[in-house]
Amino acid sequence: MKLDLEFVRAQFPAFSEPSLQRQVFFENAGGSFACGQVIDRLTRFYRQRKVQPYAPYEAALLGGSEMDEARDRLAAMLGVKCDEVHFGPSTSANTYVLAQAFRGLLKPGDAIIVTNQDHEANSGVWRRLVDIEVEVREWKIDPATGNLPLDRLERLLDERVKLVCFPHVSNVIGEINPVREICDLAHGVGAVACVDGVSFVPHGFPNVGELGADVYLFSAYKTYGPHQGIMVMLAALNARLPNQGHYFNAGLPGKRFTPAGPDHAQIAACAGMADYVDAVYARHFGVEVDAAVRAAQVLRLQSAAEQQALEPLLEYLRGRNDLRLIGPALAAGRVPTVAVLAARPGEEISGDLAKLGVNCWGGDFYATRAIEALGIDPGHGVLRMSFVHYTSVADVERLVAGLDRVL
């Protein structure tokens with residue numbers, strides 16, 4: 001079944017916004033358009049529910065109910081329990097809080113594994129644990145391809161390893177890592193698996209329960225939602241880690257990793273992401289199934305549409321001998337987050353494209369370690385072009401024409 005792109009684009013007010021007409025956007029990896037369902041819920045909360053939630057009066061009860069609905073429906077889509085979903089101001093903030101919790105669990109002589117493929121949010125906070133005498137081992141990418149070879153991980157694993165942190169997808173390399181296989185390897189030595197899903201989830205909500213991750217993090221604002229970070233943490237790990245919230249909330253699993261007051265309106269609006277997935281599912285299938293199955297079906301639709309739009313871009317880039325394509329050269333096995341190294345700095349090229357109404361960006365995208373490991377000067381940076389399922393083949397053709405003009 002083919003994705004109904006006209007229906008999909010009708011769900012995003014940005015596509016009917018006059019100020020955005022005659023422009024195409026290829027910077028989803030920095031943030032996607034918000035769907036109308038999220039905007040409507042956010043607007044309603046600010047208009048009708050902007051009081052302290054859960055108090056014993058109607059507006060407060062309705063506000064609290066909408067926050068609970070967001071947690072419940074996201075958990076159902078992700079295949080986890082409700083109290084395993086946590087909200088925070090960003091994924092970077094959530095990972096920081098998580099690292100502080102691990103400071104209370106790890107002991108001198110324990111080891112953790114990080115990669116040099118990650119966005120710095122899922123690398124730097126863990127590397128700082130050396131100050132409590134934890135050994136940090138780096139799982140290094142292949143400098144030619146950007147791939148994370150599994151045999152290199154296997155050589156790093158032993159009984160001292162307590163934590164393995166890695167990305168589902170790198171935000172500059174684009175290759176989909178085999179999460180289940182990596183989690184199984186980590187669990188084989190008794191380690192916790194922490195997965196940065198920020199660059200994967202915009203392309204479809206995964207079943208985290210089936211992936212096997214103990215922690216799975218992603219950003220709602222890159223997934224058609226508000227500016228929130230969402231962290232799935234399995235209940236067993238929650239119980240082991242020390243409380244990072246107010247002491248009197250230590251017995252409440254959903255509050256133990258929220259040290260500051262959450263953004264009530266944005267949490268409530270996150271239910272709009274589930275509304276959107278359900279709307280796409282209903283448009284294409286209509287058979288009643290549970291939320292995780294609906295999300296899986298929509299993920300497959302989205303992935304097929306993205307691969308169809310991605311292949312012409314990759315074909316064009318493969319045909320140029322003045323560019324270095326980062327990551328897999330074919331659409332299979334990667335997401336449409338595509339970085340290239342050119343003779344000119346990436347940000348300079350993106351500025352030229354913007355004059356043509358083709359919007360992307362250049363730089364190192366907080367993946368400085370990966371850029372350096374690939375032998376690229378972070379100051380020069382790469383040009384990154386990223387999109388999701390609502391991008392059309394015609395949009396990609398405009399991008400290719402723009403690249404042909406400015407390169």
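The values are calculated or read from the model by the stated rules, or taken from the named source; none is laboratory data. Source: prediction; values computed, not measured. Note that each Cβ is placed from the backbone with ideal geometry, even for glycine, and that neighbours are counted across all protein chains shown. Ligands, DNA and RNA are stripped out before the accessible areas are found, and what is left, the full protein with its side chains, is counted by its heavy atoms. Shrake-Rupley method; radii C 1.70, N 1.55, O 1.52, S 1.80 Å.
Odds and ends about this structure:
- Residues (touching a residue at least 60 places away in the same chain (Cβ under 8 Å), farther than 19 Å from Val24 by Cα and among the aliphatic types (A, V, I, L, M)) located in segment 367-407: Ala367, Ala370, Ile371, Ala373, Leu374, Val382
- Checking Asp377, Asp352 one by one, the residue that is charged (D, E, K, R), farther than 29 Å from Asn122 by Cα and not in a strand (DSSP E or B) is Asp352 and no other.
- Against the list (1) surrounded by 18 or more Cβ atoms within 10 Å (Cβ to Cβ); (2) touching a Leu at 6+ places or on another chain (Cβ under 9 Å); (3) more than 24 Å from Lys2 (Cα to Cα), the condition Ala370 fails is (2).
- Which listed residue, of Ala291, Ala304, Ala296, Ala269, is crowded, with 22+ Cβ neighbours inside 10 Å and modelled with pLDDT of 95 or more: Ala269
- For Leu314, the conditions (1) modelled with pLDDT of 95 or more; (2) in contact with a Pro (Cβ under 9 Å, 6 or more places away or on another chain); (3) outside any helix (DSSP H, G or I) all hold with the exception of (3).
- Restricting segment 6-41 to residues that are among the aliphatic types (A, V, I, L, M), out of contact with any Ser or Thr (no Cβ under 6 Å at 6 or more places or on another chain) and part of a helix (DSSP H, G or I), the residue that is farthest from Val388 (Cα to Cα) is Ile39.
- Subset of segment 176-220 [of a type outside the set (Gly, Ala, Ser), closer than 14 Å to Leu150 by Cβ and open to solvent by less than 40 Å² (accessible area, probe 1.4 Å)]: Asn177, Val179, Ile182, Cys183
- Look at segment 251-263: where a residue is buried (at least 17 other Cβ atoms within 10 Å of the Cβ) and a partner is in a helix (DSSP H, G or I), sitting 6+ places away or on another chain with Cβ atoms under 6 Å, you get Pro253/Asp83; Pro253/Asn238; Gly254/Asp83; Lys255/Asn249; Phe257/Val97.
- Long-range neighbours under 7 Å by Cβ, at least six apart or interchain, first residue closer than 29 Å to Asp40 by Cβ within segment 219-247, second of a type in the set (Asp, Glu): Gln228/Asp263; Val232/Glu84
- Residue satisfying all of: in segment 48-65; of a type in the set (A, V, I, L, M, F, W, C) and open to solvent by less than 50 Å² (accessible area, probe 1.4 Å); farthest from Gly261 (Cα to Cα) among these: Ala59
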